[in-house]
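Peer 1: Here you go, one structure.
The values are calculated or read from the model by the stated rules, or taken from the named source; none is laboratory data. Only a predicted model underlies this, so the values are computations on that prediction, with no experimental measurement involved. Here the Cβ is made from the backbone with ideal geometry for all residues, glycine too, and neighbour counts use every protein chain on show. Each accessible area value is taken on the protein alone, full model and side chains, heavy atoms only, with ligands, DNA and RNA left out. Shrake-Rupley method; radii C 1.70, N 1.55, O 1.52, S 1.80 Å.
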Amino acid sequence: MKSGNKNVILTGSSRGIGHAIREEILQEGYNVVSPTRDELDLLNKDSIQRFIQGYGNKPLYALINNAAINPPSKTERLEDQTLEDTLMVNLQAPIMLVRGFLPNLRRYDLSHIINISSIWGLHSKAERLSYSATKFGLNGMTKALAVEFGGDGILVNSVCPGYVNTEMTKRNVPEEFKRMLFETGRIPLGRFAEPKEIARLVKFLISEDNTYITGQALVIDGGYTST
């Protein structure tokens, strides 16, 4: 069913999962607002406030918090600035955007907040302190918002991808580790996800077919967390 030009704000759409989400939901007829870094700097609180104010009082059908950074680091080498930046982009900025756009989301009888989290927000691994802390926090934020705003008709869900064929994954996952995942069956489907597979789940969650799923952290990982 076509969306009827409903407004959707999507962060981090220039590549990877965000780009795939944008392409998928554009095909459904949504009016997608996907700000550039110049339009919305998630490291800058003033920029976030300006973006919210600039949107005005227009109705907002869905807010998709996708933008994130993932700088791996051993804990003893984790620099203050890296920690602060990761907390800001991955967690504080999404909270600020949700808070700022609540009046707009309430203008629909049913609207959506989607937080793109990670399996590392449900489990963790070495050298992912800052990233895991923010993604666990994002999943907690999802549950808190779902409870608080269910009565307003705002459905809030997290999507938790596993390994996905993106530039970030290529930077952070060495080829030998990737081969090990496949050879040992750690990923039962035997491959990484494609960004469009994550995007299709997001497309369903904001569709008119979803009227009752809220407060969930939906894992899409090819079976990795089942092994």
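Peer 1: From the list Ser13, Ser47, exactly one residue is open to solvent by less than 30 Å² (accessible area, probe 1.4 Å), touching a residue at least 12 places away in the same chain (Cβ under 8 Å) and not in a strand (DSSP E or B). Which is it?
Peer 2: Every option except Ser13 fails the conditions.
Peer 1: Which one is surrounded by the fewest Cβ atoms within 10 Å (Cβ to Cβ), of the residues in segment 66-80 that are part of a loop (DSSP other than H, G, I, E, B) and among the polar types (S, T, N, Q)?
Peer 2: Ser73
Peer 1: Considering only residues that are closer than 23 Å to Phe192 by Cβ and surrounded by fewer than 19 Cβ atoms within 10 Å (Cβ to Cβ), which ones fall in segment 88-127?
Peer 2: Leu122, His123, Ser124, Lys125, Ala126, Glu127
Peer 1: Looking at segment 130-137, is at least one residue touching a residue at least 40 places away in the same chain (Cβ under 8 Å), of a type outside the set (Lys, Arg), open to solvent by less than 20 Å² (accessible area, probe 1.4 Å) and assigned to a strand (DSSP E or B)?
Peer 2: no
Peer 1: In this structure, is Leu83 within 20 Å of Met168 (Cα to Cα), assigned to a helix (DSSP H, G or I) and in contact (Cβ under 8 Å) with a residue 40 or more places away in the chain?
Peer 2: Spelling it out, Leu83 is indeed within 20 Å of Met168 (Cα to Cα), assigned to a helix (DSSP H, G or I) and in contact (Cβ under 8 Å) with a residue 40 or more places away in the chain.
Peer 1: Still on this structure: If you scan segment 179-199, which residues turn out to be open to solvent by less than 50 Å² (accessible area, probe 1.4 Å) and either free of Cβ contacts under 8 Å to residues at least 40 places away in the same chain or more than 23 Å from Arg22 (Cα to Cα) (or both)?
Peer 2: Once the filter is applied, which keeps residues that are open to solvent by less than 50 Å² (accessible area, probe 1.4 Å) and either free of Cβ contacts under 8 Å to residues at least 40 places away in the same chain or more than 23 Å from Arg22 (Cα to Cα) (or both), segment 179-199 yields Leu181, Gly185, Ile187, Gly190, Phe192, Ala193.
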